[in-house]
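The structure under discussion appears below in the form of structure tokens.
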Amino acid sequence: MRFSRTSKALGLLAVAALALTGCGSAGSGSSGQTAAGDPNKIITAYSNEPQHPLLPSNTNEVYGGRVVDLLFEGLTSYDANGKSVNALAQSIDTSDGQNYTIKVKSGAKFTNGEAVTAKSFVDAWNFAALSTNAQASSSFFESIEGYDAVSATKKVTGADGKSTSTPAPTAQTMSGLVLKDDSTITVKLAQPEADWPQRLGYSAFMPLPSDALKDPKAFGENPIGNGPYKMAAKGAWQHDSQIALVKNADYQGTRTPKNGGVTFKFYTDPAPAYTDIQANNLDVTDVLPTNALKTYTTDFPDHNLNKAYAGNATLNIPNYLPEFQGDAGKLRRQAISMAINRDEITKVVFNGTRIAAKDFTSPSVDGYNANVAGSDVLKFDAAKAKDLWAKADAMSPWPAGKVLQLAYNTDGGNKEWIDAVANNLKNNLGIQAEGQPFAKFAEILNLRKAKTLPGFTRAGWQADYPSLFNFLGPVLQTGASANYEGYSNPDFDKLLKEGLASKSTDDANKKFTQAQEILFKDLPNLPLWYQARQAVWSQNVTNVDSGWNGVLLYYNITAK
Amino acid sequence: MKSRSDMKSNRQIEHYVAPIDETPLLATDTLKVDAAPLSLWADAWRKLRRRPLFIISALMILLLLVVAFFPGLFTQTPPNDNCQLGDSLAGPSAGHPLGFTFQGCDIYSRVIHGTQASLTVGVVSVIFVLIIGVTLGALAGFFGGWVDTVIARIGDIFFALPLVLGALVVTQLPFFRENKSVFTVVMVIVMLGWPQMARITRGAVIEVRNADFVTAARSLGVSKIGTLVRHVVPNALAPIIVLATMELGVFIVTEATLSFLGIGLPGSIMSWGNDISAAKDTLRTNPEVLMFPATALSITVLSFIMLGDALRDALDPKSRKR
Amino acid sequence: MTQYILRRLLQVIPVFLGTTLLVYFMVFALPGDPIRALFGDRPPSEAVIAALRQQYNLDQPFWVQYGLFLKNLFTFNLGVDFTGQPIAATLGRVFPVTAMLAVEALAIQAVFGVAFGLIAGLRKGKIFDSTVLVASLVVIAVPTFVLGFVLQLVVGVQLGWAKPTVGSNADWGTLILPAAVLGLVSFAYVLRLTRASVIENMNADYVRTATAKGLSRPRVVLAHILRNSMIPVVTYLGANLGGLMGGAIVTEGIFNVPGVGQKLYQAVIRSEGPTVVAIVSVLVLVFVAANLLVDLLYAWLDPRIRYEK
């Protein structure tokens, strides 16, 4: 997933409901007009220095991601509502959810003139999956048969007796990925996964020209793609300063640029970008400083956006905490969930830029259900919370003087809501609770992994591809990669597996909804709210909107 | 009427000057060789007592200490419990004279209860920085040579340490990780703050060590250390006092920075610094929330600056000539 | 004199080794796995983690890592950071910007601090003195982020006198606002140090002598009082130059200055040992040079001070 743990990216979110009910001013000033501005004008946009070279399979954070998305076009892409539509794929067929045949359209070219063929995909995927290439998104290929072989490791015991693992792939390519001819790829997955084609729009699955594999490092500095934009020139990426993209005249896909180019200006803090838009020095920013959440609608009337996207925030409960195990533990989890006034926090702390959660996924994905059985436990009810807590205490008393700690990383603008939640717990349950700040995100990850975090932790999930499963499987399945808190329930795992093996998306979504019913009983984590994207823009541009994943649709922005 | 000359001529004059035992001069001139001379400090104290600047600043500091150690005398409202989001940023109301913070806590109570931690961080850090910085700086400046080299270069190393790195590492030491307290913060500040003080002291001592009275003291047989302690340092105090009083305020604000980064005080400990950095998020809409803890900080720094000024005046040997 | 300077410059070597060792060790001791942190909530495969650890030598013991760093250093190879960028290029980008900012800030605080401090000292207890006291209190008690925010909004946006942010076009003009903010904070120190020294020196014998000789008041003030009051000020400014070169996280953030402070902060937070050590190494050189300069200035300001031994 693209993670964004800095305040720059996290400071801001909100709600589909707001936009629907008209409370939000989402794109109200511009979306209706089709301004006939200069189609060749360059738009300037807020961004930050990408954390990796611009190889699609090595880009796992938002600032590199937005560039890579504009530079490349994959087999599929997502429309503004998060629906996966064919882009370079002529067809993606399967009869069993395990064996896929992909036909690639002919005629598309990279900006260096090389044709985009089935081989451009197969080679790129094998490159990305091979562990010795150390690509950040290599795990996106884990479903394909033969991934185990290219990501094998071996343990080496060093002189100091400590064993370290080193990559030791036993194959260079994945056996399940076969290049049939210039326009046909067959893929065999390790097991049936009905939602697998939905992932193909993610940047890890982009095609690469042959040059990229010869010298990935140089390519990452001056990437050559097949998307709606291309790098303005060699060296268009000025480190710590900006990346300049210009329209790719040969692009034939659906994301046709309505401007002459996009220059991403880098800011380490969202506040100066906001100031620059006020001064018309910058055209658009999608990250607001925390102290502008209350003022952005008045500072930029008709020039602002507040729109939900596929991300959520949760409070995770490690399963090793003795107070939260067994029946008493279940009661405590419920009590805490009901003691948190989500509506008030989203309204007061976030000023309506997030929406109180009603499930474990996001309203921005297909199959979302706001009324999953058992979801009442997310509703604020101080009296019932106190009651449940007392019942739990009767079964096994809460240790006297114990302070419930809520871990958060300080670089993500989390303090305000953590403090508000802690106050909720203090006021409504009569226990001591406080935030446990960490300067480094890595520190929390380490403690979570080592299972030594003394209390709860904040967490969040931003979907890689629009699917209910993506919110459930990687985070809560037994042994899943991001299941740090160690939740495990065989019934839940079984339903997920059945869902993946379903013939239709609707059938799959039914299974996933049933799986959520189990989650509402177990409460492995407490869903808090859904994320939303806020953006403001200058007098010089219009038509600003965001996609299902919260990334602005830069190609649609027009100059006035 | 007889003339003066008559009178004079009629008297038999035995002495032109009153006999020494009839005058108070003997007492005046007596040098009590065995009595301790009035020390610089005792002398300063005598002068200080009469200075309004000193009296006012001392009273203010006394008040701050009372607030710090007996916050219950000033407010009954708990600073951190029963904060209701519904009260977020609400203005003053009955029982809440300064209104509410973003989290809906009582501002007045938080400012009162924040005094202890903030004052402790400021004062204790300054004291330790003074002890370490002045000692090392004075030694380096006075002795020069390799003593100076070693101390100055160690100072350079500590100077170059980034605050964030130092703070992150110190707070990870096993001892501090489990007991994050005011003294963790003090430790970080002292570790990275002493070189500045050492350098200012060193500069001032270098300036003074060549003065005539130092040479005089040495030639009268005063030991090197004795000269340094009794003659050099007291004459080098002016910049030290200025730096110390200013740093008091800066250290209190540094605590805020550290807390903001998650390497300062835990949230359960109230401090002005915590509240000042929390007020950052409401700067555009409710700047008054920032004003109260910042004012408390200003008053504290002002008190100590005034005290420092008075102390400096009283200690300045040159001003004694008048 | 030349010998003295040479000896001082030679001292750079142990300081450099000591600093790099200490800093490298501190970064090494930082909690949290820097490689895992590159991936956020979604962990990569163990094989990729292992490959990256190898790539950055993080699988080696501390002494080996430090040794490799030193070895590379002597071949003028600072390596690459976790984003794959050569560290030497990063240093070449951030230090010029910060140096400009530091010099500008230093000039502001030196000129205004000394001038105001001199007047305040000469007119001790008068209205100007008290006003200046209050002003210096304000800059101490008001946090940088407020000062920066207000200056940016008022001068940069509302009045439009200066560019509100710096970004990629850092030059003397665009850096004026952040330099003013940085300068203001230290301005209070310079001012009060100058004032204290001036008050002390006003009553010195040589001042009375100079006045008695019939020297003009400006000459007495500038050549005698001020010059003799400069030692603590120069010491402070020297130390502060080092501090400014270390960058200012908050101010750089507010004005989007691509300088040392932000880089250093990010590198520490990401546990990028080589980047942190490289930046700190440059800083140490700056400190040593600034200190040497200050010591030479002592001798110029006060002829009684001699270094030849």
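The values are calculated or read from the model by the stated rules, or taken from the named source; none is laboratory data. The shown structure was predicted, so the numbers you read here are calculated from the model rather than taken from an experiment. Cβ placement follows ideal geometry from the backbone for every residue including glycine, while neighbour counts extend to all protein chains displayed.
What number of residues within the range B:48-73 satisfy the criterion of being outside any helix (DSSP H, G or I) and either at pLDDT below 90 or in contact with a Cys (Cβ under 6 Å, 6 or more places away or on another chain) (or both)? I'd like the intermediate steps shown before the answer.
Narrowing the range B:48-73 to residues outside any helix (DSSP H, G or I): B:50-51, B:70.
Among the residues that remain, those that are also either at pLDDT below 90 or in contact with a Cys (Cβ under 6 Å, 6 or more places away or on another chain) (or both) are: B:50-51.
Summing the residues that are outside any helix (DSSP H, G or I) and either at pLDDT below 90 or in contact with a Cys (Cβ under 6 Å, 6 or more places away or on another chain) (or both) in the range B:48-73 gives 2.
B:Thr135 - would you say it is polar (S, T, N, Q), buried (at least 20 other Cβ atoms within 10 Å of the Cβ) and either in contact (Cβ under 8 Å) with a residue 12 or more places away in the chain or more than 11 Å from chain C (Cβ to nearest Cβ) (or both)?
On the way: polar (S, T, N, Q): yes; buried (at least 20 other Cβ atoms within 10 Å of the Cβ): no; either in contact (Cβ under 8 Å) with a residue 12 or more places away in the chain or more than 11 Å from chain C (Cβ to nearest Cβ) (or both): yes.
It is false that B:Thr135 is polar (S, T, N, Q), buried (at least 20 other Cβ atoms within 10 Å of the Cβ) and either in contact (Cβ under 8 Å) with a residue 12 or more places away in the chain or more than 11 Å from chain C (Cβ to nearest Cβ) (or both).
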Only one residue in C:Val233, C:Val284, C:Val288 is surrounded by 21 or more Cβ atoms within 10 Å (Cβ to Cβ), under 27 Å from B:Asn235 (Cβ atoms) and within 9 Å of another protein chain (Cβ to nearest Cβ). Which one?
-> C:Val233
Here the residues within the range A:29-84 that are assigned to a loop (DSSP other than H, G, I, E, B), within 14 Å of chain C (Cβ to nearest Cβ), at pLDDT 85 or above and farther than 30 Å from A:Asp302 by Cα are A:Pro50, A:Gln51, A:His52, A:Pro53, A:Leu54, A:Leu55, A:Thr59
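Keeping to the range B:148-193, report how many residues are in a helix (DSSP H, G or I), in contact with a Pro (Cβ under 6 Å, 6 or more places away or on another chain) and over 23 Å from C:Val260 (Cα atoms). Can you show your working first?
Step one: filter the range B:148-193 for residues in a helix (DSSP H, G or I), giving B:148-160, B:163-172, B:174-178, B:182-193.
Applying the additional criterion that residues be in contact with a Pro (Cβ under 6 Å, 6 or more places away or on another chain) yields B:155, B:158-159, B:172.
Adding the requirement that they be over 23 Å from C:Val260 (Cα atoms) leaves B:172.
The qualifying residues number 1.
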In the set C:Val277, C:Val294, the lone residue that is under 26 Å from C:Leu101 (Cβ atoms) and either buried (at least 23 other Cβ atoms within 10 Å of the Cβ) or more than 10 Å from chain B (Cβ to nearest Cβ) (or both) is C:Val277
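Just give me the residues in the range A:285-308 being in a loop (DSSP other than H, G, I, E, B), within 9 Å of another protein chain (Cβ to nearest Cβ) and touching a helix residue (DSSP H, G or I) at 6+ places or on another chain (Cβ under 7 Å), in sequence order.
Going residue by residue through the range A:285-308, those that are in a loop (DSSP other than H, G, I, E, B) are A:286-289, A:293-295, A:300-303.
From what is left, the residues that are within 9 Å of another protein chain (Cβ to nearest Cβ) are A:289, A:293-295.
A:Pro289 - this is the single residue of the range A:285-308 that is in a loop (DSSP other than H, G, I, E, B), within 9 Å of another protein chain (Cβ to nearest Cβ) and touching a helix residue (DSSP H, G or I) at 6+ places or on another chain (Cβ under 7 Å).
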For residues that are of a type in the set (Val, Ile, Thr) and touching a helix residue (DSSP H, G or I) at 6+ places or on another chain (Cβ under 7 Å), scanning just the range B:191-221, find the one that is farthest from C:Met230 (Cα to Cα).
-> B:Val214
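What residue, among those in the range B:165-210 that are small (Gly, Ala, Ser) and under 20 Å from B:Val147 (Cβ atoms), is farthest from the chain's Cα centre (by Cα)?
Of the residues in the range B:165-210, the ones small (Gly, Ala, Ser) are B:166-167, B:181, B:193, B:198, B:203-204.
Of the ones still in play, those that are also under 20 Å from B:Val147 (Cβ atoms) are B:198, B:203-204.
Details: B:Ala198: 15, B:Gly203: 19, B:Ala204: 18 Å.
Top of the filtered list is B:Gly203.
Can C:Gln55 be described as under 25 Å from A:Asp240 (Cβ atoms), free of Cβ contacts under 8 Å to residues at least 40 places away in the same chain and out of contact with any Phe, Trp or Tyr (no Cβ under 6 Å at 6 or more places or on another chain)? I'd like the intermediate steps shown before the answer.
Details: under 25 Å from A:Asp240 (Cβ atoms): yes; free of Cβ contacts under 8 Å to residues at least 40 places away in the same chain: yes; out of contact with any Phe, Trp or Tyr (no Cβ under 6 Å at 6 or more places or on another chain): yes.
Considered against the rule, which asks whether it is under 25 Å from A:Asp240 (Cβ atoms), free of Cβ contacts under 8 Å to residues at least 40 places away in the same chain and out of contact with any Phe, Trp or Tyr (no Cβ under 6 Å at 6 or more places or on another chain), C:Gln55 comes out as yes.
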Heads up, the strands (runs of 3 or more DSSP E) in the range A:142-226 (entirely inside) with at least 2 residues that are surrounded by 15 or more Cβ atoms within 10 Å (Cβ to Cβ) are A:163-167, A:177-181, A:184-188
Surrounded by 20 or more Cβ atoms within 10 Å (Cβ to Cβ), not β-branched (Val, Ile, Thr) and not in a strand (DSSP E or B): does that describe C:Tyr24?
-> yes
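Run down C:Ile5, C:Ile108 and say which single residue is out of contact with any helix residue (DSSP H, G or I) (no Cβ under 6 Å at 6 or more places or on another chain), touching a residue at least 12 places away in the same chain (Cβ under 8 Å) and not polar (S, T, N, Q). It would help to see each step written out before you state the result.
Numbers: C:Ile108 fails: out of contact with any helix residue (DSSP H, G or I) (no Cβ under 6 Å at 6 or more places or on another chain).
Being out of contact with any helix residue (DSSP H, G or I) (no Cβ under 6 Å at 6 or more places or on another chain), touching a residue at least 12 places away in the same chain (Cβ under 8 Å) and not polar (S, T, N, Q) holds for just one of C:Ile5, C:Ile108, which is C:Ile5.
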Looking at (1) within 14 Å of chain A (Cβ to nearest Cβ); (2) within 25 Å of C:Val190 (Cα to Cα), find the lone condition where B:Ile240 falls short.
-> (1)
Output the residues belonging to the range C:27-41 that are crowded, with 21+ Cβ neighbours inside 10 Å, of a type outside the set (Gly, Ala, Ser) and not in a helix (DSSP H, G or I).
-> C:Leu30, C:Leu38, C:Phe39
In the range B:263-280, what count of residues is obtained for those that are part of a loop (DSSP other than H, G, I, E, B) and more than 9 Å from every other protein chain (Cβ to nearest Cβ)?
-> 4
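What's the total number of residues in the range B:45-83 that are of a type in the set (S, T, N, Q) and touching a helix residue (DSSP H, G or I) at 6+ places or on another chain (Cβ under 7 Å)?
Matching residues across the range B:45-83 total 4.
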Mind checking whether some residue in the range A:455-477 is without any contact (Cβ under 8 Å) to a residue 12 or more places away in the chain and among the polar types (S, T, N, Q)?
-> no
Go through the residues of the range C:239-249 one by one and say whether even a single one is more than 30 Å from A:Asp269 (Cα to Cα), surrounded by fewer than 24 Cβ atoms within 10 Å (Cβ to Cβ), in contact with a helix residue (DSSP H, G or I) (Cβ under 9 Å, 6 or more places away or on another chain) and within 10 Å of chain B (Cβ to nearest Cβ).
-> no
Could you list all residues from the range A:247-284 that are within 14 Å of chain C (Cβ to nearest Cβ), aliphatic (A, V, I, L, M), more than 16 Å from C:Glu252 (Cα to Cα) and in contact (Cβ under 8 Å) with a residue 40 or more places away in the chain?
-> A:Ile277, A:Leu282
Candidate set from the range A:372-401 (those that are of a type in the set (Lys, Arg) and free of Cβ contacts under 8 Å to residues at least 60 places away in the same chain); member that is farthest from A:Lys510 (Cα to Cα) | A:Lys386
